[in-house]
1. If I model region 61-115 as equal point scatterers sitting on the Cα atoms and use the Debye formula, what is log10 I(q)/I(0) at q = 0.12, 0.15, 0.20, 0.24 Å⁻¹?
2. Pick from 297, 244, 107: which is most flexible by mean-square fluctuation in a GNM of the chain where alpha carbon atoms under 10 Å apart are linked?
3. What's the percent breakdown of Cα-Cα distances in region 164-319 across 10 Å bins, shortest bin first?
4. What whole-number value in Å² describes the accessible area per residue of the chain for a 1.4 Å probe?
5. Where the accessible area of region 32-153 is counted over protein heavy atoms with a 1.4 Å probe, how much of it, in %, is carbon and sulfur?
6. Using the Karplus equation 6.51 cos²θ - 1.76 cosθ + 1.60 (θ = phi - 60°), what ³J(HN,Hα) coupling, rounded to whole Hz, does each residue of region 131-147 give in order, writing x for Gly and Pro?
7. Within region 172-272, report the GluC sites (Glu not before Pro) that DSSP leaves as loop and that have at most 16 other Cβ atoms within 10 Å.
8. In the Gaussian network model of the chain, springs joining C-alpha atoms below 10 Å, which of 137, 129, 32 carries the largest mean-square fluctuation?
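The values are calculated or read from the model by the stated rules, or taken from the named source; none is laboratory data. Keep in mind that what you see is a predicted model, and the values were worked out from it rather than measured. Neighbour counts are summed over all protein chains in view; Cβ atoms, including those assigned to glycine, are modelled from backbone coordinates with ideal geometry. In case anyone asks, the SASA skips ligands and DNA or RNA and just uses the protein heavy atoms, side chains included. Shrake-Rupley method; radii C 1.70, N 1.55, O 1.52, S 1.80 Å.
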Amino acid sequence: MADDRPAPPGAALHEKTATQGQTAAPPPTPAYLWHNGRLVPWQDATVHITQIGWTAISAVFEGIRGYWSNERQDLYLFRLDEHLKRLARSMKLMRMAPAVSAADLTSAMLDLLRANEFREDVYVQPLVYFAGGVPGYRAAYTQPTEVLITARPAPSALKTGRASHCCISSWVRLADHVMPPRAKALANYQNSRLVSTEARINGYDGGIMLNERGKVAEGAYACIFLVRDGVAVTPPATAGILESITRASLLEALPQVLGVPVEVREVDRTELYLADEVFLCGTLAEIDPVVSVDRYSVGTGEPGTVTRRLEDLYHGLVRGTDPRYPAWRIPVYHDA
Ligand SMILES: *Cc1c(COP(=O)(O)O)cnc(C)c1O
């Protein structure tokens, strides 16, 4: 169907991100997905149309990246155990009874990746939802949960030279007394989508959210760091952030490997304008240098030294070309 809406203001500016995020022709689908205990051919995994909608209300998920190593001819899942622990915490917040153990979820993911014979970077997404399509205004905690796992190719953007121009969103990060921001829940993504949409329409690559206290929280789907005078600073877990596993990994690796001190504390909006460096981090975002905020150049307006060094380090760690933190990588095809 032709889209004859007028181009949004600043359309030319976000061409870059439009092609980054959504390609015109959908990629071929993987051969299999995993649903409620078994591998299912992609085309056969259907549900009744009336299931669309309410199942998403309490659904929680994880996003895990797998990185292909040409050298080792293996695929490495990054921090799988941490992702499964967080999935369990998200489920607890939604009062979901576990349908599948962490060990079984791990086997399910490995089976799925092997069945699809991926030899490239991938993104794996387990999704847990209440069965039965219970309307959103009704309690659903007595319903059984179902699990769907999909995996798809997702090329890494590390070391491709990308950099983002961000704005401070006029949308505020959802607060812990409204909906639990630390749950990785589909419903929370309405907040994220409003932020991304506003940012794109206004000609930015992404938006950064303040929390209800007016302090910096995070991006739409990634946490945030700033670097000032050689110190890396990130907002605390109580700032309304999703407790990011990438953020936690960087809080370890920055001081331990790069010798960069870290500080976890409240961050003001104007600190982003005055920072030497800003970057977003997350499984999907990886390390994304932010080179301007509200059109204030960050530092020189180019990705800074700490960000560059960190991107190199992260690239090595996720692919296993850097042997440090071996427990962070789960090999798919060979034994650890
Ligand atoms: C998943 C997610 C992140 C990043 O978390 P990681 O564990 O690093 O992938 C940040 N913010 C939101 C809202 C998220 O959903």
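1. Debye output, listed in q order: -0.32, -0.48, -0.77, -1.00.
2. In this elastic network of the chain, the residue with the biggest mean-square fluctuation among 297, 244, 107 is 107.
3. Values per bin, smallest distances first: 12, 45, 35, 8, 0.
4. Result: 49 Å² per residue.
5. Accessible surface attributable to carbon and sulfur in region 32-153 totals 52 percent.
6. With the stated coefficients, region 131-147 comes to 6, x, x, 5, x, x, 7, 9, 4, 10, 5, 7, 6, x, 9, 10, 10 Hz.
7. 212, 243, 266
8. Checking each option, the largest mean-square fluctuation is seen for 137.
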